[in-house]
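Peer 1: Just dropping this structure here.
The values are calculated or read from the model by the stated rules, or taken from the named source; none is laboratory data. Since the structure is predicted, the reported quantities are computational estimates derived from the model, not experimental observations. Here the Cβ positions follow ideal geometry from the backbone for every residue, glycine too, while neighbour counts run over all protein chains shown. Accessible surface is based on the protein model in full, side chains and every heavy atom, while ligands, DNA and RNA are left aside. Shrake-Rupley method; radii C 1.70, N 1.55, O 1.52, S 1.80 Å.
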Amino acid sequence: MMQNPEILYMVIPCYNEEAVLPETARRLKEKYQTLQSESWISPKSRIVFVNDGSKDATWNIIQQLHQQDPDFFSGINLAHNSGHQNAVLAGLMTVKEMCNMAITMDADLQDDVNAIDAMIAKYYEGNQIVYGVRSARKTDSFFKRVTAEGFYKFMKLMGADVVYNHADFRLMSRRVLQELSQFKEVNLFLRGMVPLIGFQSCNVYYERAERFAGESKYPLKKMISFAVNGITSFSTKPLKLITTLGFLMFLVSVAAFIWAFAVKIAGRSELGWSSTVCSIWLIGGLQLLCLGMIGEYVGKIYAEVKQRPRYIIAEFLNQSEEKSDS
Ligand code: UDP
Ligand code: MG
């Protein structure tokens, strides 16, 4: 029970989620009703669905929800598909002055709606950021689990400080959102950016469920590009690795030179075709790899200097009129 319950806005990115959206809305509304009746959150709290350029009926469903239940549901329609991270940011930046705290959550009900209570409790205890962390991955396929956990470990190794097994289910205070708005980067990787903000934070553990319906919008190809983006946006370690690699190659070539010279002196110099061919391929491959790595960063700089908008909001359905708090 709170004397003056604070305003909670939830931001839910949705891309082709017609199959789950009605169920997600139902469960969240139920959660809001309980939280409000127990005076944990203000009646001015809202659930904001961000339509990320869906090709199915997602936006129609959001509009309907808003029409039927404007006291619970709001909607943001992005002008085109901008990607998960941008959709989340669009939502957060739109609501940051309307709420005291915001929770971001996927639309597919993989994140536990019941973990919201603990997150809010932690917020009232004084935490500015509360990370939702998966305690188990029982329901993920073996492949998804291994690749995802490998991803967190690799990220750490590469010098990007991320919270282990935390995706984008998190609570942030208004203060944190204001600080987040100062991050102007175009290559978004929220789970790397938010820990950089600092403030008092803590974790809330939950079991990750299976997607309620519909298909994952993150096929392997997108997962890899997400991982590469995360690393190259937060660490220059790969560039340093290139230098190390170049130095090692230099050492190897010195050894090879000595070896070749010794063979020559011993008078057996006709061998050597295979070693020549092998080294050509090896060096060629390494050079391409290093060029590619540098290219990744150059591409990043290109995207950043253009300073294009990270998302474009076409429409914002929100009825934030004062409700009588009785
Ligand atoms: N999503 C989005 N834009 C995209 C792709 C995904 O807004 O271009 C949303 C999607 O609707 C979901 C969340 O991002 O709410 C996470 O996507 P998904 O559940 O498919 O990823 P997974 O859990 O399989 O990694
Ligand atoms: Mg999912």
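Peer 1: Of the residues in region 78-114, how many are more than 11 Å from ligand 1 (Cβ to nearest atom), open to solvent by 10 Å² or more (accessible area, probe 1.4 Å) and within 23 Å of F212 (Cα to Cα)?
Peer 2: 3
Peer 1: Identify, please: which residue in region 183-224 is small (G, A, S) and under 18 Å from D161 (Cα atoms) and is, among those, nearest to ligand 1 (Cβ to nearest atom)?
Peer 2: For region 183-224, the residue satisfying everything is G192.
Peer 1: Have a look at I312, I294 and point out the one that is surrounded by 10 or more Cβ atoms within 10 Å (Cβ to Cβ), at pLDDT 80 or above and more than 30 Å from H80 (Cβ to Cβ).
Peer 2: That would be I294, the only listed residue that is surrounded by 10 or more Cβ atoms within 10 Å (Cβ to Cβ), at pLDDT 80 or above and more than 30 Å from H80 (Cβ to Cβ).
Peer 1: Show the residue pairs that are 6+ apart or on different chains and have beta-carbon atoms under 9 Å apart, the first residue being within region 272-294 and on the phi > 0 side of the Ramachandran plot, the second being of a type in the set (A, V, I, L, M).
Peer 2: Listed by first residue and then by second, the contacts come to G272/A260; G272/V263.
Peer 1: Just give me the residues in region 74-109 being away from ligand 2 (no atom under 16 Å from the Cβ), in contact with a Phe, Trp or Tyr (Cβ under 7 Å, 6 or more places away or on another chain) and within 21 Å of K31 (Cβ to Cβ), in sequence order.
Peer 2: Passing the criteria: G75, I76, V95, M98, C99, M101, A102.
Peer 1: Pull up region 1-54, narrow it to residues that are within 16 Å of ligand 2 (Cβ to nearest atom) and of a type in the set (V, I, T), then point me to the one that is surrounded by the most Cβ atoms within 10 Å (Cβ to Cβ).
Peer 2: V50
Peer 1: Counting only residues that are assigned to a loop (DSSP other than H, G, I, E, B) and either aromatic (F, W, Y) or under 19 Å from the mean Cα position of the chain (by Cα) (or both), which one in region 126-141 is modelled with the lowest pLDDT?
Peer 2: R137
Peer 1: Follow-up. Against the definition (within 16 Å of ligand 2 (Cβ to nearest atom), hydrophobic (A, V, I, L, M, F, W, C) and assigned to a loop (DSSP other than H, G, I, E, B)), how does A167 come out, yes or no?
Peer 2: no
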